[in-house]
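The values are calculated or read from the model by the stated rules, or taken from the named source; none is laboratory data. On a predicted model such as this, the values are computed, not experimentally measured, just so you know. Don't worry about glycine lacking a Cβ; one is built from the backbone with ideal geometry, like all the others, and counts go over all protein chains shown.
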Amino acid sequence: MNKLKVSIVLGIMCFVLTYGIFLQIKTVENSNMEVSQNYEENNLRAEVLKFKEKYDNKAKDLEKLEKDLEEERKEATQDNTELENEEIQIKKANKIIGLSEVTGPGVIVTLQDSEMNPSNALNISDLLVHDLDVLNVINELKNAGAEAISINGQRLVSTTAISCEGNVININKVKVGAPFEIKAIGLPESLSALERPGGYLPFLEKYSIKTSLEKSNQLTIPKYSGKLEFSYGKSK
């Protein structure tokens with residue numbers, strides 16, 4: 001009987017000891033995993049900052065080169081009427097195709113997802129701003145005479161693609177999310193036709209999408225920062 005009691009006690013002690021060792025191993029594994037994850041996150045963060053710094057430096061170098069080129073052009077066209085006229089035409093063309101910053105009067109249109117409780121909506125998708133909504137606003141602004149347009153700082157050019165990617169929109173291969181701030185340069189009175197009865201902004205408001213339109217006497221729209229490429233169009 002004593003041997004049985006001793007065996008039971010020893011068994012319980014072995015079980016407790018084994019369970020304690022198991023818990024210790026799991027604790028060490030979780031700790032190592034957490035340290036490893038933190039290490040990877042720190043490394044990724046450092047890499048992102050490094051690439052951002054490189055990008056900022058390259059952008060500054062490009063800006064300096066463009067200023068130097070502008071000075072060279074001024075010197076080259078000085079006292080030469082024909083070259084001065086060609087330089088004026090180049091600047092006009094750059095404004096039209098989006099390769100130079102432009103300023104002027106216009107409007108700022110803001111589109112924001114609805115704040116309605118999704119449980120009260122028949123279709124949750126109706127409460128979100130989609131790529132087609134942005135495209136429809138852009139088309140109305142163009143029809144109203146907009147001369148330059150940007151979305152969240154991205155200048156629209158002839159090759160700009162606007163597509164939906166989950167809960168964000170891809171513009172010029174850059175992902176942007178709501179709220180969408182659309183700036184358009186043109187006659188404010190004409191561009192504000194978006195708010196007219198039957199316009200696209202009142203249509204969006206029916207679905208509780210938050211919209212606003214603000215007139216401005218002085219807007220600045222940045223130049224297109226990408227590279228314009230034509231794969232199929234050839235000049236003769």
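How many residues does segment 194-236 contain that are polar (S, T, N, Q) and within 22 Å of Ser114 (Cβ to Cβ)?
Selection size over segment 194-236: 3.
Which of (1) under 14 Å from Val109 (Cβ atoms); (2) out of contact with any strand residue (DSSP E or B) (no Cβ under 9 Å at 6 or more places or on another chain) does Leu127 not meet, given it meets every other one?
For Leu127, the exception is condition (1).
So, Ile149, is that one more than 14 Å from Gly226 (Cβ to Cβ) and modelled with pLDDT of 95 or more or not? Explain how you work it out, then say what you get.
Numbers: more than 14 Å from Gly226 (Cβ to Cβ): yes; modelled with pLDDT of 95 or more: yes.
Answer is yes for this residue.
Any chance segment 214-223 includes a residue that's of a type outside the set (D, E, K, R) and outside any strand (DSSP E or B)?
Among the residues of segment 214-223, at least one is of a type outside the set (D, E, K, R) and outside any strand (DSSP E or B), which makes the answer yes.
For Leu122, indicate whether it is in a loop (DSSP other than H, G, I, E, B), at pLDDT below 85 and under 24 Å from the mean Cα position of the chain (by Cα).
Here the answer is no, as Leu122 does not meet what is asked.
Name the residue, out of Tyr207, Tyr232, that is without any contact (Cβ under 8 Å) to a residue 12 or more places away in the chain, over 19 Å from Val107 (Cα atoms) and of a type outside the set (D, E, K, R).
Going through Tyr207, Tyr232 in turn, just one is without any contact (Cβ under 8 Å) to a residue 12 or more places away in the chain, over 19 Å from Val107 (Cα atoms) and of a type outside the set (D, E, K, R): Tyr232.
Of these, Glu84, Glu115, Glu72, Glu34, which one is at pLDDT 70 or above and charged (D, E, K, R)?
Testing whether each residue is at pLDDT 70 or above and charged (D, E, K, R) leaves just Glu115.
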